[in-house]
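The values are calculated or read from the model by the stated rules, or taken from the named source; none is laboratory data. None of these values were measured; they are calculated from a predicted model. As a convention, Cβ positions derive from the backbone with ideal geometry for all residues, glycine included, and neighbour counts pool all protein chains shown. Heavy atoms of the whole protein, side chains included, go into the accessibility calculation; ligands, DNA and RNA do not. Shrake-Rupley method; radii C 1.70, N 1.55, O 1.52, S 1.80 Å.
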Amino acid sequence: MKLPKIVKRYCKKCKKHTEHSVKNQTFRGLNKKHTQSRGSQCRVRKRGLRRGFGNLGKFSRGALGGWKMSGKKQSKKTDLRYQCKECKKISVQRKGFRTKKIEFK
Ligand SMILES: [Zn+2]
(Lines give C-alpha, C1' and ligand atoms only; values in the text may rest on other atoms or scores of the structure.)
Protein backbone atom coordinates (compact mmCIF):
# COMPACT_ATOMS: atom_id res chain seq x y z
CA MET A 1 0.00 0.00 0.00
CA LYS A 2 1.27 3.44 -0.91
CA LEU A 3 0.85 6.37 1.43
CA PRO A 4 1.99 9.99 1.22
CA LYS A 5 5.00 11.08 3.28
CA ILE A 6 3.44 14.38 4.23
CA VAL A 7 -0.20 14.94 5.17
CA LYS A 8 -2.17 17.92 6.34
CA ARG A 9 -3.74 17.13 9.70
CA TYR A 10 -5.13 18.87 12.70
CA CYS A 11 -2.51 19.43 15.39
CA LYS A 12 -3.88 19.45 18.93
CA LYS A 13 -1.00 21.50 20.25
CA CYS A 14 -1.00 24.18 17.54
CA LYS A 15 -4.82 24.03 17.38
CA LYS A 16 -4.85 24.30 13.60
CA HIS A 17 -4.15 22.25 10.47
CA THR A 18 -0.45 21.82 9.83
CA GLU A 19 1.75 19.55 7.74
CA HIS A 20 2.67 16.27 9.37
CA SER A 21 5.30 13.73 8.38
CA VAL A 22 4.12 10.11 8.47
CA LYS A 23 6.06 7.17 9.79
CA ASN A 24 5.11 3.58 10.49
CA GLN A 25 6.23 2.53 13.95
CA THR A 26 7.80 -0.89 14.19
CA PHE A 27 6.75 -2.98 17.13
CA ARG A 28 9.39 -2.98 19.87
CA GLY A 29 7.02 -4.16 22.54
CA LEU A 30 7.08 -6.65 25.30
CA ASN A 31 7.23 -10.40 25.18
CA LYS A 32 7.39 -13.17 27.72
CA LYS A 33 11.13 -12.75 28.22
CA HIS A 34 10.68 -9.28 29.68
CA THR A 35 10.37 -9.43 33.44
CA GLN A 36 7.80 -6.67 33.53
CA SER A 37 5.38 -8.10 31.02
CA ARG A 38 2.37 -9.86 32.39
CA GLY A 39 2.91 -13.35 31.10
CA SER A 40 6.60 -13.44 32.01
CA GLN A 41 7.94 -16.47 33.80
CA CYS A 42 8.99 -14.69 37.00
CA ARG A 43 5.67 -12.91 37.39
CA VAL A 44 3.82 -16.17 36.93
CA ARG A 45 6.06 -17.74 39.57
CA LYS A 46 5.27 -14.95 42.01
CA ARG A 47 1.57 -15.64 41.62
CA GLY A 48 2.30 -19.13 42.84
CA LEU A 49 1.79 -20.90 39.55
CA ARG A 50 4.05 -23.11 37.45
CA ARG A 51 5.31 -25.10 40.39
CA GLY A 52 4.94 -28.66 41.53
CA PHE A 53 4.22 -31.57 39.29
CA GLY A 54 2.06 -32.42 36.34
CA ASN A 55 2.55 -31.68 32.70
CA LEU A 56 0.68 -28.35 32.79
CA GLY A 57 -1.81 -29.71 30.34
CA LYS A 58 0.77 -30.07 27.61
CA PHE A 59 0.14 -33.71 26.78
CA SER A 60 -3.53 -34.10 27.52
CA ARG A 61 -4.85 -31.84 24.81
CA GLY A 62 -6.25 -32.80 21.48
CA ALA A 63 -4.82 -31.95 18.13
CA LEU A 64 -3.18 -28.54 17.90
CA GLY A 65 -5.58 -27.28 15.28
CA GLY A 66 -8.49 -27.93 17.59
CA TRP A 67 -7.66 -25.57 20.42
CA LYS A 68 -5.03 -23.17 19.20
CA MET A 69 -5.50 -20.45 16.64
CA SER A 70 -3.73 -21.94 13.69
CA GLY A 71 -2.52 -20.34 10.53
CA LYS A 72 -0.25 -17.35 10.35
CA LYS A 73 -1.66 -14.00 9.34
CA GLN A 74 -0.34 -12.65 6.08
CA SER A 75 -0.51 -9.01 7.04
CA LYS A 76 0.24 -6.72 9.96
CA LYS A 77 -1.64 -3.78 11.34
CA THR A 78 -0.16 -0.37 10.78
CA ASP A 79 0.90 1.88 13.63
CA LEU A 80 1.30 5.24 11.98
CA ARG A 81 2.88 8.20 13.74
CA TYR A 82 2.23 11.72 12.57
CA GLN A 83 4.75 14.37 13.52
CA CYS A 84 3.79 18.03 13.33
CA LYS A 85 6.38 19.99 11.40
CA GLU A 86 5.85 23.14 13.42
CA CYS A 87 5.92 21.96 17.03
CA LYS A 88 7.34 18.42 16.52
CA LYS A 89 4.48 16.91 18.50
CA ILE A 90 3.84 13.27 17.54
CA SER A 91 0.32 11.91 17.37
CA VAL A 92 -0.78 8.33 16.85
CA GLN A 93 -3.36 7.04 14.41
CA ARG A 94 -6.69 5.99 15.85
CA LYS A 95 -7.09 2.58 14.36
CA GLY A 96 -4.59 0.43 12.50
CA PHE A 97 -5.50 -1.30 9.27
CA ARG A 98 -4.09 -4.46 7.80
CA THR A 99 -1.57 -4.35 4.97
CA LYS A 100 1.20 -6.57 3.77
CA LYS A 101 3.55 -3.78 2.95
CA ILE A 102 3.68 -0.02 3.37
CA GLU A 103 5.44 2.41 1.10
CA PHE A 104 5.80 6.12 1.63
CA LYS A 105 6.30 8.36 -1.35
ZN1 LIG B 1 1.83 21.32 15.95
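Quick one: accessible area per residue over the chain, 1.4 Å probe, rounded to a whole number of Å²? Walk me through the numbers before you get to the answer.
On the way: 9650 Å² over 105 residues.
For the chain, the per-residue accessible area is 92 Å².
Using amide H atoms built in the peptide plane, which far-off residues or other-chain residues are under 5 Å from GLN25 H to H?
Answer set, sorted by chain and number: ASP79, LEU80, ARG81.
Which of rounded, prolate, oblate describes the stretch 47-105, given a ≥ b ≥ c as roots of the alpha-carbon gyration tensor eigenvalues and a/c under 1.5 marking rounded, otherwise prolate only if a/b is larger than b/c? Don't skip to the answer; put the middle values down first.
Details: a/c = 5.79, a/b = 2.14, b/c = 2.70.
It is oblate, given that a/c is not under 1.5 and a/b is not larger than b/c.
By the scheme Lys and Arg +1, Asp and Glu -1, what is the net charge of all other residues having a beta-carbon under 10 Å from that of GLY96?
+4
Could you order SER40, SER91 so the one with the most accessible surface comes first? Probe is 1.4 Å.
Sorted by accessible area, descending: SER91, SER40.
Any chance you could run the full-extension gain for HIS17 through SER40? It's 0.36 nm times the residue separation minus the Cα-Cα distance, nm to one decimal.
Going from the current span to full extension adds 4.0 nm.
For the chain, state the average projected area of the convex hull of the C-alpha atoms over all orientations, rounded to one decimal in nm².
10.4
What does the helix-only formula give at 222 nm for the chain: each DSSP H stretch with n ≥ 4 adding -39500 (n - 2.57), the total divided by the residues, and the result rounded to the nearest 500 deg cm²/dmol?
Rounded to the nearest 500, the figure is -2000 deg cm²/dmol.
Which percent, nearest 5, of DSSP beta bridges in the chain are antiparallel? Walk me through the numbers before you get to the answer.
On the way: 16 of 18 bridges.
Once the DSSP bridges in the chain are tallied, antiparallel ones form about 90 percent.
Of LYS72/LYS101; LYS46/LYS73; LYS32/LYS101; LYS8/LYS100, which ones are farther than 22 Å apart at the Cα?
From LYS72/LYS101; LYS46/LYS73; LYS32/LYS101; LYS8/LYS100, over 22 Å: LYS46/LYS73; LYS32/LYS101; LYS8/LYS100.
Fully extended, how many nm does the chain gain between LYS58 and GLN25 (0.36 nm per residue separation, minus their Cα-Cα distance)?
8.3 nm
7 Å from Cα along Cα→Cβ at both ARG9 and GLN93: what's the point-to-point distance in nm?
0.9
Give the cross-link partners of LYS23 among the aspartates and glutamates, using a straight C-alpha distance below 14 Å as the criterion and excluding same-chain residues fewer than 8 apart.
ASP79, GLU103
What number, in percent, do you get for the relative contact order of the chain if the mean sequence gap of Cα pairs under 8 Å and at least 6 apart is divided by its residue count?
Once divided by the residue count of the chain, the mean separation gives 35 percent.
Please go through the stretch 29-105 and write out the chymotrypsin sites (Phe, Trp or Tyr not before Pro) that DSSP classes as loop and that have at most 16 other C-beta atoms within 10 Å.
Within the stretch 29-105, the qualifying chymotrypsin sites (Phe, Trp or Tyr not before Pro) (loop, at most 16 other Cβ atoms within 10 Å) are PHE53, PHE59, PHE97.
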